[in-house]
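To start, the structure itself, in structure tokens.
No value in this document is a laboratory result; all are computed from the given coordinates. Just so you know, these numbers come straight off a predicted model, no measurement behind them. With ideal geometry, Cβ positions are generated from the backbone for all residues, glycine too; neighbour counts draw on all protein chains shown.
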Amino acid sequence: MAERREAAAQDGASAPLADAPPTTAPVALPEPAAQPETSALPEPAAMTEAEAARELARLAPLILGADEAYHGADAPIMTDADYDALRRRNAAIEAAFPHLIRPDSPSRRTGAPPAEGFGKIRHARPMLSLANAFSPGDVVDFDLQISRFLGVAPESLAYTAEPKIDGLSLSLRYEGGRLVHAATRGDGETGENVTANARTIADIPDLLPGAPAILEVRGEVYMAHADFARLNAEQAARGDKTFANPRNAAAGSLRQLDPAITASRPLRFLAYAWGEVSAPLGQTQTEAVARLGAMGLRTNPLMLRCTGIAEMVAHYRLIEGQRGTLGYDIDGVVYKVDDLGLQARLGMRSTTPRWAIAHKFPAETAWTRLERIEIQVGRTGALSPVARLAPVTVGGVVVSNATLHNEDYIAGRDAKGAPIRGGKDIREGDLVQVYRAGDVIPKIADVDADARPAGALPFAFPDRCPACGSEAVREAGDSVRRCTGGLGCPAQAMERLKHFVSRDAFDIEGLGAKQVEAFWADPDLSVRSPADIFTLAARDAAAPARLAQRFGWGATSAENLFRAIEARREIALDRLIFALGIRHVGQATAALLARHYGTWDAFAAAMEAAGAREGAAWDDLLAIDGVGEVLAGALVTAFRQPAERAAFAALLAELSPLPMAPVAAESPVAGLTVVFTGTLETMTRAEAKARAEALGAHVAGSVSARTDLVVAGPGAGSKAREAERLGVRVIDEGAWRALIGPA
Ligand code: IVH
């Protein structure tokens with residue numbers, strides 16, 4: 001079962017600028033391109049091997065991207081349901097074609113790789129996530145699977161049952177009873193080093209008397225409701241950003257580069273598990289947790305040892321009943337096999353233990369009035385309907401927007417035409433039931449047809465773009481209607497511009513989505529296309545003064561902005577291609593294209609030559625591993641549209657894209673997974689990585705059984721030792737240079 005991700009509500013995020021065009025709504029819905037039902041491929045079991053391989057190649061970066069956005073940036077880009085659907089699809093294909101499981105498959109990871117900025121720590125034992133149960137029936141199945149695995153009678157085993165805290169997990173390593181480091185989960189194998197921050201948390205002792213020589217304590221960092229309310233009030237009073245919920249506040253507070261900030265935040269820690277231990281903590285989960293408590297760690301008093309499903313579910317009900325008065329967020333109950341010997345026999349699947357499961361609480365819901373349905377226009381023209389709601393509190397968060405997905409959803413049918421909500425449509429003025437199940441954007445579960453105001457009409461989904469008036473069309477097999485205005489549509493152009501400056505694209509310091517909206521709306525600055533950003537200084541000598549006057553920018557901020565813009569005239573080819581915002585072209589695809597074509601000129605010429613969708617250029621494009629017909633079609637379409645071509649040409653006149661060394665097929669390191677460790681003497685780490693990747697190697701941050709080669713410089717420590725232990729080849733920098741040859 002896919003890991004269900006935790007809540008990170010968006011609602012109540014930054015309000016739109018007063019003078020922004022009406023189509024820029026305050027909630028940014030993810031582009032629906034990633035939705036699984038848009039795939040034209042057959043069901044996994046009916047796929048050919050080639051289709052399966054291609055689909056797995058498509059899914060891996062999609063899921064990775066979602067993981068990174070969710071865990072790395074604390075800013076989800078798709079709903080839990082869409083995410084789960086992608087993971088399920090990936091799992092179904094892998095089940096049908098196990099030999100096609102990719103080294104970068106999401107089934108081999110539990111979260112996102114660690115964010116930049118913190119040092120990395122490899123967990124001595126992986127930090128696992130939990131499979132989910134949603135009903136007592138799922139709990140029965142869980143017990144059945146375990147009893148079958150162990151060859152014992154069902155309902156004969158003891159389990160512990162305890163609250164599942166909605167925070168973030170942390171691993172604390174104690175050596176000789178002294179805290180040596182603390183790490184977040186990261187991707188489950190390697191996390192961020194947050195030791196300095198963890199030391200500021202009162203519940204995390206520096207010394208653990210009575211601890212075994214090595215002890216990794218695992219538990220949850222979280223924020224209590226009262227502390228969260230106080231923190232948000234203080235933040236608001238200072239004009240600082242407030243947090244949507246306690247989980248986000250806890251995550252944001254722990255992952256501060258300045259430990260003094262963490263110290264000022266009211267974080268708590270509860271211990272519930274362990275990683276490496278030099279001596280067993282007990283014979284049972286109950287004993288081991290009691291031992292952690294005796295050492296001075298906080299443990300959950302609501303943990304109970306149960307025998308049989310009835311007792312487990314009764315404790316679940318009891319905890320559910322106390323949920324509102326516990327004072328902190330929980331989202332379910334975790335059951336664990338009590339006997340540690342049996343836990344060891346049961347072991348783990350790729351990312352979850354067989355001996356534990358999370359029994360989740362149902363989504364929280366509330367009824368409210370749907371005031372209006374608005375249509376947002378996304379970067380690729382998708383018309384996304386959004387429900388504007390009378391504000392209502394759902395699970396502690398005030399909700400005033402909900403996604404309505406697409407026109408079928410509003411009409412009460414799914415992508416295949418089957419009725420949803422009993423076929424009831426959604427109308428303006430309706431009383432609707434809103435739910436948040438750890439979702440990015442709240443959704444509508446139900447409509448009270450009896451409470452419908454007299455005269456309410458079915459919603460007429462526009463067939464023209466509300467921003468530019470162009471025709472909005474729905475292609476066969478697509479659940480989404482799209483504006484055909486392209487760059488001529490102000491909403492699309494604005495979203496494209498926001499994408500252009502975003503972190504993984506041009507990442508211009510001082511120029512984010514907010515500034516893009518403001519600069520766009522300012523007639524003197526008139527920044528409407530990417531090229532306009534680079535011509536701003538030359539077009540308008542008074543721009544710095546204007547920034548000062550209109551937006552209160554100081555001279556230094558303005559100078560910094562123009563410096564940041566200048567610095568980006570030289571840009572990596574893959575970033576440039578990604579930044580263009582062409583449909584279906586994500587970061588991974590942009591990198592493939594950049595490597596394949598090497599220079600902008602070669603790329604642009606090839607896209608134009610491939611425009612007829614036949615001939616050598618088209619075949620060459622399709623021959624790139626990871627490029628299918630849909631993507632190729634989107635690329636050549638972009639290069640045929642006059643407005644796009646003009647925009648590309650104007651932009652390129654301002655830039656000097658850096659060529660990308662094409663992957664040498666005969667490179668001695670192509671296809672190898674390489675890890676660099678220790679100090680490199682003739683190149684920086686970034687340079688070494690870029691060079692290795694250009695030669696077709698995959699550069700990993702940590703050593704595992706999948707590593708082919710470790711390049712170790714002076715000071716190499718645990719990674720080199722791990723390589724030795726695993727029998728991975730270790731060479732020094734000189735040998736590496738000899739291997740790859742001159743640049
Ligand atoms: S046990 C090997 N117990 O839930 C199992 N996890 O969805 C390790 N969590 O990553 C986890 N409360 O962050 C366990 N009482 C609890 C928990 C708990 C919250 C979190 C934890 C884990 C996630 C899995």
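So, in nm, how far is label SER147 from label ASP522 when the simple model puts each one 7 Å beyond its Cα toward the Cβ?
Going by the 7 Å Cα→Cβ label model, 7.1 nm.
Between THR307 and ARG539, what length in nm is gained on full extension when 0.36 nm per residue of separation is reduced by their alpha carbon distance?
On the way: separation 232, 0.36 × 232 = 83.52 nm, distance 7.57 nm.
Between THR307 and ARG539, full extension yields an extra 75.9 nm.
What does the charge count near TYR174 come to, summing +1 for each Lys or Arg and -1 for each Asp or Glu among other residues with Cβ under 11 Å from its Cβ? Let's see the in-between values first.
Working: positive: ARG173, ARG178; negative: GLU175, ASP206, GLU216, GLU276.
Overall, the nearby charge balance is -2.
Zone of ALA612 (label point 7 Å along Cα→Cβ, backbone N under 19 Å): which residues in region 633-651?
The answer is 633-641, whose backbone nitrogens lie closer than 19 Å to the label point.
With unit charges on the beta carbons (Lys and Arg positive, Asp and Glu negative) and the dipole taken about the Cα centre of the chain, which residue among GLY701, TYR159, PRO544 sits farthest to the positive side?
Towards the positive end, the residue furthest out is TYR159.
Convex hull over the alpha-carbon atoms of region 392-516: what's its volume per residue in Å³? Before the final figure, lay out each step's value.
Numbers: hull volume 21.0 nm³, N = 125.
Normalising the Cα hull of region 392-516 by residue number yields 168 Å³.
Distance from the Cα centre of region 512-547 to that of region 393-467, in angstrom?
Rounded to whole Å, the Cα centres lie 38 Å apart.
Can you work out the FRET efficiency for the pair GLN641 and ALA449, with r the C-beta to C-beta distance and R0 = 41 Å, to the nearest 0.05?
On the way: r = 44 Å, r/R0 = 1.07.
Computed FRET efficiency for GLN641 and ALA449: 0.40.
R0 = 41 Å: FRET efficiency of ALA226 with ARG503, Cβ-based, nearest 0.05?
Values: r = 34 Å, r/R0 = 0.84.
Result of the calculation: an efficiency of 0.75.
Work through the residues other than SER278 whose Cβ is under 12 Å from its Cβ and net out their charges, Lys, Arg +1 and Asp, Glu -1. Mind showing how you got there, number by number?
Values: positive: ARG173; negative: GLU175, GLU216, GLU276.
Taking every other residue near SER278 into account, the sum is -2.
Apply 1/(1 + (r/R0)^6) to the Cβ-Cβ distance of ARG372 and ALA418, taking R0 = 22 Å, and write down the FRET efficiency to the nearest 0.05. Intermediate results must be reported in sequence, preceding the final value.
Numbers: r = 28 Å, r/R0 = 1.25.
Calculated value: 0.20.
Can you compute 3J(HN,Hα) from phi for each residue in region 647-652, using the Karplus curve 6.51 cos²θ - 1.76 cosθ + 1.60 with θ = phi - 60°, rounded to whole Hz and x for Gly and Pro?
So the Karplus estimates, Gly and Pro as x, are 5, 4, 4, 4, 5, 5 Hz.
Going by Cα centres, region 474-489 and region 311-334 are how many Å apart?
Cα centres, region 474-489 to region 311-334: 46 Å.
Explain nothing, just compute: Karplus ³J(HN,Hα) = 6.51 cos²θ - 1.76 cosθ + 1.60, θ = phi - 60°, for every residue of region 674-681 in order, whole Hz, x for Gly and Pro.
Ordered by residue, 3J(HN,Hα) equals 10, 10, 9, 8, x, 8, 9, 9 Hz.
Region 235-250 to region 699-743: how many Å between their Cα centroids?
43 Å
Taking K and R as +1 and D and E as -1, what net charge do the other residues with C-beta under 12 Å from the C-beta of VAL447 add up to? Numbers along the way, then the final one.
Numbers: positive: ARG369, ARG421, LYS424, ARG427, ARG452; negative: ASP425, GLU428, ASP430, ASP446, ASP448, ASP450.
That works out to -1.
Suppose we keep just the alpha-carbon trace of the chain; what are its Rg and Dmax in angstrom?
Taking only Cα atoms of the chain, I get Rg and Dmax of 27.1, 82 Å.
Which value, in debye to the nearest 20, gives the size of the charge dipole of region 385-475 about its Cα centre, when Lys and Arg are +1 and Asp and Glu are -1 at the Cβ?
On the way: 11 positive and 13 negative charges, 27 e Å.
The dipole magnitude comes to about 120 debye.
Return the lysines within reach of LYS443: Cα separation strictly under 16 angstrom, same-chain partners fewer than 8 residues apart disregarded; answer none if there are no such residues.
LYS424
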